[in-house]
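For reference, the structure is listed below as structure tokens.
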Amino acid sequence: MGEAIVITSGKGGVGKTTTTANIGTALALMDKKVCLIDTDIGLRNLDVVMGLENRIIYDIVDVIEERCKLKQALIKDKRFDYLSVLPAAQTSDKSAVTTEGMKKIIAELKQEYDYIIIDCPAGIEQGFQNAIVGADKAIVVTTPEKSSVRDADRIIGLLEKEEMAEPPRLVINRIRNHMMKSGDMLEIDEVVQVLSIDLVGIVIDDDEVIKASNKGEPVAFQPTTKASIAYRNIARRILGETVPLQSLDTEKGMMQKVKKFFGMRA
Amino acid sequence: MVQEKKQLITMKGTKDGLTLFIDDTCSFEKAIFELDHKMKESRPKQDEPIVAVRVKLGTRYLHDEQIEQLKQVIGAKNRFTIHSIESDVVRREEARMWQTNSEVKAINRIVRSGQVLHVTGDLLLLGDVNPGGKVIATGNIYIMGNLRGIAHAGIDGDREAFIAASFMNPSQLRIADYISRAPDYESDGVYMECGLVDEEKDKIIIDRLQVLSHRRKEINRFERRIQNG
């Protein structure tokens, strides 16, 4: 029996889709069967980030409206079998998906897959409700900016009302080390303190992420880039491993900071 | 027969006006009948000032209609005016209302952006109020946590209400009909402070918690709550 995790943020453009693609890839690299679901009906792009756009024949709306079987709509990843994507529809709007339909799809996928990662649309309307309805857990993505922290806070409030197995966990994305040091960006500590939920990972703002997503190849495939390691660490933490937070720079003094974060999570 | 002779209505003149004791063992109809009689007998003359009357009911409870009836009998046409109607009994409902208005409600949660926490009485929040979150109370607000959102104390108009927090960096403080907001520049916030209305300056001020001990002495007393209730 698998586990459904929704990736959400409230605000748009903080990296939900990138996070979904990369966590999914990283989990699949660890030999877990993973299915990614794009619930952003009308504005799909998870398939683009995964480089699977050309292979779409059926989508999630077709499944819900019973024009095809769930298995027919799933796209196997071109790189390895452990990863599948259920794409969103591009032609319908968000009202085409119902909460019952979503629940049914996720329940069916859980039989087959270890992890179902749901990419949530921005906003808090019906699309958000559809995305979270079948999820067991939630990961909230934010950037160290006031506006996105504010929206993340709102989303956490809404998620807490849902009866999920666990409280939501936090990913801080797009960290720019030099700005954080100079005090021009919110610090990780500050963000965690305001949102007061567990931190599951931090990801630095890396040019490689953009390059990789343009190529349709999630950055998590690359073994050495910092962002890739960050996503792999998040995947390991999802699996229950204890992994210290990545140091933001290479100086030795940072080790203490890392230890501090680590201690906070334990 | 004995009852007939017993005085159901006793009047006492004081310097503030007239005090009416209505016997609480007879029926309301009898009392009203006798009262009507008495009022007509003793009504002030046209040139005399209108007399204020305090009505003491003892352990009698009056419905709204009965109070209305009473008011008509001791009404303006008889040149009386009712100052107060006092009864030793209260209805369960009213007593509960008093209680909820005077209680301190302890709540343990985080009030996040977009959430509103509204309580009757005083609010004791164990947790933060995040930016965009709002807490509202008819009484005082005590926050053991960080206040970064909006707090509104004394929402029904109690200007004596105040807001205390372990860490104060609110976007707005509101007390009764007063509103103050954070400055436009980035502020660091302060620890262990409280916001209250300064009558002289006619605005909300933020000061150390210690000032409460002489500015708001009443919080130590239970009566404040009953009176406000």
In the range B:45-92, which residue that is outside any helix (DSSP H, G or I), over 18 Å from B:G13 (Cα atoms) and among the polar types (S, T, N, Q) is modelled with the lowest pLDDT?
B:Q46
Looking at the range A:64-86, is at least one residue in contact with a Lys or Arg (Cβ under 7 Å, 6 or more places away or on another chain), under 24 Å from A:D206 (Cβ atoms) and at pLDDT 95 or above?
no
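Looking at B:S102, B:S42, which one is closer than 21 Å to B:M11 by Cα and either exposed (fewer than 15 other Cβ atoms within 10 Å of the Cβ) or touching a Gly at 6+ places or on another chain (Cβ under 8 Å) (or both)? Walk me through it before giving the result.
Working: B:S102 fails: closer than 21 Å to B:M11 by Cα.
Every option except B:S42 fails the conditions.
Being away from chain B (no Cβ under 14 Å) and more than 21 Å from A:K32 (Cα to Cα): is that true of A:L186 here?
Numbers: away from chain B (no Cβ under 14 Å): no; more than 21 Å from A:K32 (Cα to Cα): yes.
Criteria not met by A:L186.
Evaluate the following for B:D64: is it in contact with a Gly (Cβ under 9 Å, 6 or more places away or on another chain), away from chain A (no Cβ under 14 Å), over 30 Å from B:N169 (Cα atoms) and surrounded by fewer than 18 Cβ atoms within 10 Å (Cβ to Cβ)? Steps first, please.
Numbers: in contact with a Gly (Cβ under 9 Å, 6 or more places away or on another chain): no; away from chain A (no Cβ under 14 Å): yes; over 30 Å from B:N169 (Cα atoms): yes; surrounded by fewer than 18 Cβ atoms within 10 Å (Cβ to Cβ): yes.
Taking the combined requirement at face value, the residue does not satisfy it.
What number of residues within the range B:108-143 are within 14 Å of another protein chain (Cβ to nearest Cβ), hydrophobic (A, V, I, L, M, F, W, C) and not in a loop (DSSP other than H, G, I, E, B)? Explain how you work it out, then say what you get.
First, the residues of the range B:108-143 that are within 14 Å of another protein chain (Cβ to nearest Cβ): B:108-117, B:125-135.
So of that shortlist, the ones also hydrophobic (A, V, I, L, M, F, W, C) come out as B:110-111, B:116-117, B:125-126, B:129, B:135.
So of that shortlist, the ones also not in a loop (DSSP other than H, G, I, E, B) come out as B:111, B:116-117, B:125-126, B:129, B:135.
Result for the range B:108-143: 7.
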Could you run through the range A:1-51 and say how many residues are touching a helix residue (DSSP H, G or I) at 6+ places or on another chain (Cβ under 6 Å) and among the small types (G, A, S)?
6
Tally the residues that are touching a residue at least 24 places away in the same chain (Cβ under 8 Å) and in contact with a strand residue (DSSP E or B) (Cβ under 9 Å, 6 or more places away or on another chain), restricting the search to the range B:33-65.
18
Suppose we keep only residues that are part of a helix (DSSP H, G or I) and either in contact with a helix residue (DSSP H, G or I) (Cβ under 8 Å, 6 or more places away or on another chain) or more than 14 Å from every other protein chain (Cβ to nearest Cβ) (or both) within the range A:130-154. Which one would you say is farthest from A:D207 (Cα to Cα)?
A:V133
What residue, among those in the range A:155-170 that are more than 13 Å from chain B (Cβ to nearest Cβ) and either in a loop (DSSP other than H, G, I, E, B) or polar (S, T, N, Q) (or both), is surrounded by the most Cβ atoms within 10 Å (Cβ to Cβ)?
A:M164
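Identify, from the list B:G195, B:G149, B:G133, the residue that is closer than 27 Å to A:R150 by Cβ and free of Cβ contacts under 8 Å to residues at least 24 places away in the same chain.
From the options B:G195, B:G149, B:G133, the qualifying one is B:G133.
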Name the single residue, out of those in the range A:107-130 being over 22 Å from A:K11 (Cα atoms) and over 16 Å from the mean Cα position of the chain (by Cα), that is surrounded by the fewest Cβ atoms within 10 Å (Cβ to Cβ).
A:Q111
Of all residues making up the range B:95-107, the number that are in a loop (DSSP other than H, G, I, E, B) and modelled with pLDDT of 95 or more
0
Residue by residue through the range A:71-88, note down the ones that are closer than 15 Å to A:I116 by Cβ and of a type in the set (F, W, Y).
A:Y82
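The values are calculated or read from the model by the stated rules, or taken from the named source; none is laboratory data. Just so we're clear, the structure is a prediction, and the values are computed from it rather than from any experiment. Please note: Cβ atoms are built from the backbone with ideal geometry, for glycine as well, and neighbour counts cover all protein chains shown.
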